[in-house]
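Okay, structure first, notes after.
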């Protein structure tokens, strides 16, 4: 072993002659005469550092993967929970059995039927600024504002296609919730409100939605109570 190699061995603590010392590990001024102890292979220290770095990267990647998994799992659980609530409402609504009753009975005994699910046969007239459910026999008790349940479009969409556009007068069986305690409704001139979720047995009376007093006599006879 020459003197320079011995000095390198003493300073860096690496066995002389091994190929684990790179040229970068030897002082620049000795690189020319230390070719016997240097090679282009990385040192043990460099190798260990690389291994440690890889381990840290792998650990971080695993942690990120777990966080992403937890996040997507939480989103999935929330989606199932929200869907279950929606289905629960639909099931609860489907279990409600509408009480068949005359329209005049609902308005004449409004406190009894307030908030109740009912089915009534009545006349519906509608136009630019009005949408009234009525029967001539009891119209003087108070007008009823008709409103459609946005959550039940599928149940009345087909029936609406048969209605005249823009305005008209139609007879039908309307199923929904009758309300009387939170009025006035509509534009303020309606004492009651009927929220429709289903329509059946629809029959067009007139393509005009004007007040029934202004309907032709033959059309007037067809409306509820006519």
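Scan segment 126-135 and give yes if some residue there is in the same structural domain as residue 198 (by TED's automatic domain parsing), in a helix (DSSP H, G or I) and touching a strand residue (DSSP E or B) at 6+ places or on another chain (Cβ under 6 Å), otherwise no. Spell out the reasoning first.
Step one: list which residues in segment 126-135 are in the same structural domain as residue 198 (by TED's automatic domain parsing), which gives 126-135.
Pick out the ones that are also in a helix (DSSP H, G or I) and you get none.
Looking through segment 126-135, none of the residues is in the same structural domain as residue 198 (by TED's automatic domain parsing), in a helix (DSSP H, G or I) and touching a strand residue (DSSP E or B) at 6+ places or on another chain (Cβ under 6 Å).
Listed here are the residues, each with its yes/no results for (1) in contact (Cβ under 8 Å) with a residue 24 or more places away in the chain; (2) under 26 Å from residue 113 (Cα atoms); (3) more than 36 Å from the chain's Cα centre (by Cα); (4) surrounded by 17 or more Cβ atoms within 10 Å (Cβ to Cβ).
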residue: 167; (1), (2), (3), (4): yes, no, no, yes
residue: 184; (1), (2), (3), (4): no, yes, no, no
residue: 187; (1), (2), (3), (4): yes, yes, no, no
residue: 190; (1), (2), (3), (4): yes, yes, no, yes
residue: 196; (1), (2), (3), (4): yes, yes, no, yes
residue: 206; (1), (2), (3), (4): yes, no, yes, yes
residue: 215; (1), (2), (3), (4): yes, no, yes, yes
residue: 218; (1), (2), (3), (4): no, no, yes, no
residue: 223; (1), (2), (3), (4): yes, yes, yes, yes
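Which condition number in (1) part of a strand (DSSP E or B); (2) in contact with a helix residue (DSSP H, G or I) (Cβ under 9 Å, 6 or more places away or on another chain) is the one that residue 177 fails?
Among (1) part of a strand (DSSP E or B); (2) in contact with a helix residue (DSSP H, G or I) (Cβ under 9 Å, 6 or more places away or on another chain), the lone unmet condition for residue 177 is (2).
When you go through 154, 202, 159 one by one, which is the residue that is within 33 Å of the chain's Cα centre (by Cα), surrounded by 13 or more Cβ atoms within 10 Å (Cβ to Cβ), on the phi < 0 side of the Ramachandran plot and in a helix (DSSP H, G or I)?
After applying the criteria, what remains is 159.
Every residue, every condition in (1) more than 33 Å from the chain's Cα centre (by Cα); (2) surrounded by fewer than 22 Cβ atoms within 10 Å (Cβ to Cβ); (3) on the phi > 0 side of the Ramachandran plot, yes or no:
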residue	(1), (2), (3)
109	yes, yes, no
118	no, yes, no
129	no, yes, no
142	yes, yes, yes
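The values are calculated or read from the model by the stated rules, or taken from the named source; none is laboratory data. Nothing here was measured: the structure is a model prediction, and the numbers come from that model. Glycine also receives a Cβ, built like all others from the backbone with ideal geometry; neighbour counts cover every protein chain displayed.
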